[in-house]
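The values are calculated or read from the model by the stated rules, or taken from the named source; none is laboratory data. In this text the structure is predicted, and so the values were computed from the model without any measurement. Because the Cβ atoms are built from the backbone with ideal geometry, glycine has one as well, and the counts that use them run over all protein chains shown. The protein model used for the area step is the full one, side chains on, heavy atoms only, and it has no ligands, DNA or RNA in it. Shrake-Rupley method; radii C 1.70, N 1.55, O 1.52, S 1.80 Å.
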Amino acid sequence: MRSTKICAALLALLLVTSSGAVALGSAGSAAQATPDNPDTADEVYVEDNGDAVLVYEEDHEDDFEEGDENVSLSGDFGFDASTGLLHLFYEGEFADLVEDGEDEPEWTGDATARMTPDLVSGDVDVAGDAPEEIVDLSATVDHTQTHSTYESSTDFSMTVEDDADEEMPDAGLYSAVEFEADSTTSASTFESDGSMTTVYDEDAMFGAADNEELLDVSLTETDGDYELSVTEQTTITEWQKDRWDTREDAAETLESRYNGMAMQFGGTMDFTLESYEFEEGDGDEELHSVAVEYDVTFSGVKEQVSELLADELAEDRELDLSEAEAQSIADSIAAIQVEKLDFSTETSGLEQSVEWDVEIDNYDEFVLGLLKISESIDELDDEMADQLDETRDLLDAQSEADLVQTSSIAFSLETADEETTVTFSSESSADNWADYVDEAEARGLSEYLTETTTDLEIETTGDDLEIAGSFEIEHEGMLEMYLEDMIEQAENDPMLDEEFTEGIESFQETEFEAAKASVSLSETTFAVESAAQFGNLTAPETEGLTITAVHGETESDKTTMYVSVSEFVGDDPSEDEVRASEHVDEDTVVYMPGEGDRDFPETDVDSVSEFLEEDEDSLLPVGTTGIAVGAVAVLAVIGGAVAFRRFS
């Protein structure tokens, strides 16, 4: 996956932080201001040069439960164009954020998130009540992808009460499932072996207790010929009996089956029936059992497949291929070599098992052949063509570095005593990873080489669910690449207008430097803080105002906001000129130069800068994101809505 895509889920953090109450202000409960009917200030403090500070006060009684007179919410928010800083901090009690009858979250712990143009990193340590349906839960994730190392492992185990679970696989069909697989891939080879066993619930599979079937297949390739060995035991009905009830009939049935396959591909086949056994069925069901072992050799099939495919490619009107090009591509696809393909499936009553062991060579030629077909499409767009070129280059890098990737995966599900237990584990690693990174970078594919480390632990302790972990994602220019991708997609998407693209380009011009958000939870209380730093944050112009700074403060159910505006009126203004502004009405208190207390509160720049520079880089986990978002949303209604409801 492209490193730029990592930003997709994280950009929300940046947008909430960088736009502060701007993005969230639309959630306000009061009527929205419009260009034709802007909200008017409660107070205006005018300077000699025409600059002014507009003061707005807002009550939020309607945003809380009726009759709640002891709202504990407090905090502040704001931005300053001259310093390029945006900031928000609020704290309060969950009781003020939930409706009557709803349970409070009662989570404790801390989580923070930080983002720069090149890095996203994080840690979390929180605990809260586990869902009632979870009996036990344990999960660990360790992942490292650097320029020199690739290693990843996951372990997961969860037991839930069946009657409380609606998300799990259908435990009414299976009483047990086990799956495991190992694979190894190189530039040209693929190997995989594994097994899966399922045990059906007796009530869900009526009549299956006596079912006995077996299929064991082994396929190898030697000098273009395919050797197939099969052991098969199956149940047949009465109307099929005359095709299987003698050795000669069985041989004729099987030989006809495989001869048809060989003829379809223009080859020949040689058939040998090694063993045969037929068992007459008892009772009224008229079901019989037949067991056979046989060998089949296919000759001339591979060459004919290549020729047939070449003809199809050359005749395809959507492709621009000469006969020589079509034959070359067909030869590449047909070059895939089946070193070994062993597959078996066995059914015994309610239990069904599957095993496989596969070794394939020259599959890089097969993939390159498919790429050539894709590249020959007449109407292939530039973006798809670039992706195909990159895929080819990645395969080349893998081959040059002799990259070998190994992975293993295991899964199980078991239902017993009205509980369902699910386990999952996986491991993966890569040999010669550092060489592969060097080869990929030499081909200009650094965007695929994001450095990522993750360490996460989730477990239940008693009735509590504990979440602790950290991660870091780093790639030079990660955010910029993501934004450029968004612009490119917007240009090719008729549903997105120029305003969308202009918004992204405007954001790029702000020269984003850093953003951070933190949440602290203590059962009944919370604290939320976020900030962002920009290198080129220009003063926004809206409703005829050039806003240079905003600072808002909330205490209980009231918010006061101070909006600094440049050139609100001309130099040496008169009060009549001030009152002529559409942002002033007869109820606005106007303070001319030298009048009123002008000791306005403002954002503590040193404190916000220190908050952004702290080393505690972290990301909000899934378990706490809902709490944080809920808190921020309510804060937007209260503080942020006041701040930019009028000016966004």
Where labels lie 7 Å past Cα in the beta-carbon direction, separation of Glu318 and Glu575 in nm = 7.8
Calculate one ³J(HN,Hα) per residue across the stretch 449-464 by plugging θ = phi - 60° into the Karplus curve 6.51 cos²θ - 1.76 cosθ + 1.60, and present them in order as whole Hz with x for glycine and proline.
-> 10, 4, 7, 9, 10, 9, 9, 9, 10, 10, 7, 9, 10, x, 9, 9
What percent do you get for the relative contact order of the stretch 526-575 when only Cα pairs under 8 Å and 6+ apart count?
-> 26
Heads up, I need the accessible area for Trp107: 1.4 angstrom probe, whole protein in place, Å², nearest 10.
-> 30
With a ≥ b ≥ c taken as the square roots of the eigenvalues of the C-alpha gyration tensor of the stretch 317-438, please select rounded if a/c is under 1.5 and otherwise prolate if a/b is larger than b/c or oblate if it is not?
-> prolate
Read phi for every residue in the stretch 324-336 and hand back ³J(HN,Hα) as whole Hz from Karplus 6.51 cos²θ - 1.76 cosθ + 1.60, θ = phi - 60°, with x for Gly and Pro.
-> 5, 5, 4, 5, 4, 5, 4, 5, 5, 5, 6, 6, 4
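Determine, for each peptide in 75-86, 212-223, 487-498, the mean count of other beta carbons within 10 angstrom over its residues, then list the peptides with the highest first. Display every interim value, and only then the final one.
On the way: 75-86: 21.3, 212-223: 14.3, 487-498: 11.7.
Sorting 75-86, 212-223, 487-498 by mean packing, highest first, produces 75-86, 212-223, 487-498.
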By per-residue mean of other Cβ atoms within 10 Å, what is the highest-first order of 145-151, 114-120?
-> 114-120, 145-151
What ranking of Leu394, Leu287, Leu54 comes out by heavy-atom accessible area, probe 1.4 Å, highest first?
-> Leu287, Leu394, Leu54
For Lys241, counting only aspartates and glutamates whose alpha-carbon sits under 12 Å away and dropping same-chain residues fewer than eight positions off, the answer is Asp249, Glu279, Glu280, Glu286
Taking 7 Å along the Cα-to-C-beta vector as the label spot, tell me the Ser183-Glu213 distance in nanometres, rounded to one decimal.
-> 2.6
By how many nm would the segment from Ser289 to Glu427 grow when fully extended, if each residue of separation counts as 0.36 nm and the alpha-carbon distance is taken off?
-> 45.5 nm
Could you tell me the accessible area of Lys558 in Å² (1.4 Å probe, neighbours in place), rounded to the nearest ten?
-> 90
Under the Karplus relation 6.51 cos²θ - 1.76 cosθ + 1.60, θ = phi - 60°, what is the ordered set of whole-Hz ³J(HN,Hα) values for the stretch 124-132, x standing for Gly and Pro?
-> 8, 8, 9, 8, x, 5, 6, x, 4
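Applying 1/(1 + (r/R0)^6) with R0 = 30 Å to the Cβ-Cβ distance of Leu273 and Ala416, what FRET efficiency is obtained, to the nearest 0.05?
Efficiency, rounded to the nearest 0.05: 0.10.
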Mind jotting down the distance between the C-alpha centroids of the stretch 412-457 and the stretch 230-308, whole Å?
-> 43
Stretched out fully, how many nm does the piece from Glu252 to Thr453 gain, at 0.36 nm a residue minus the Cα gap?
-> 66.3 nm
Checking rank on 182-191, 569-578, with mean other Cβ inside 10 Å and highest first, the result is 182-191, 569-578
Top to bottom by accessible area (1.4 Å), largest first, where do Glu178, Glu323 land?
-> Glu323, Glu178
Reachable lysines, given that their alpha-carbon falls under 30 Å from the alpha-carbon of Lys372 and they are not under 8 places away in the same chain = Lys5, Lys302, Lys340
If the cut-off is a Cα-Cα distance under 12 Å, which aspartates and glutamates reach Lys516, setting aside same-chain residues fewer than 8 apart in sequence?
-> Glu529, Glu610, Glu613, Glu614, Asp615, Glu616, Asp617
Taking 0.36 nm per residue of separation and subtracting the Cα-Cα distance, what length does fully extending Thr525 through Ser153 add?
-> 130.3 nm
Relative contact order (%) - criterion: Cα under 8 Å, at least six apart; region: the stretch 259-305 = 46
Label-reachable residues, the stretch 324-351, where backbone N falls under 18 Å from a point 7 Å from Thr222's Cα toward its Cβ = 337-342
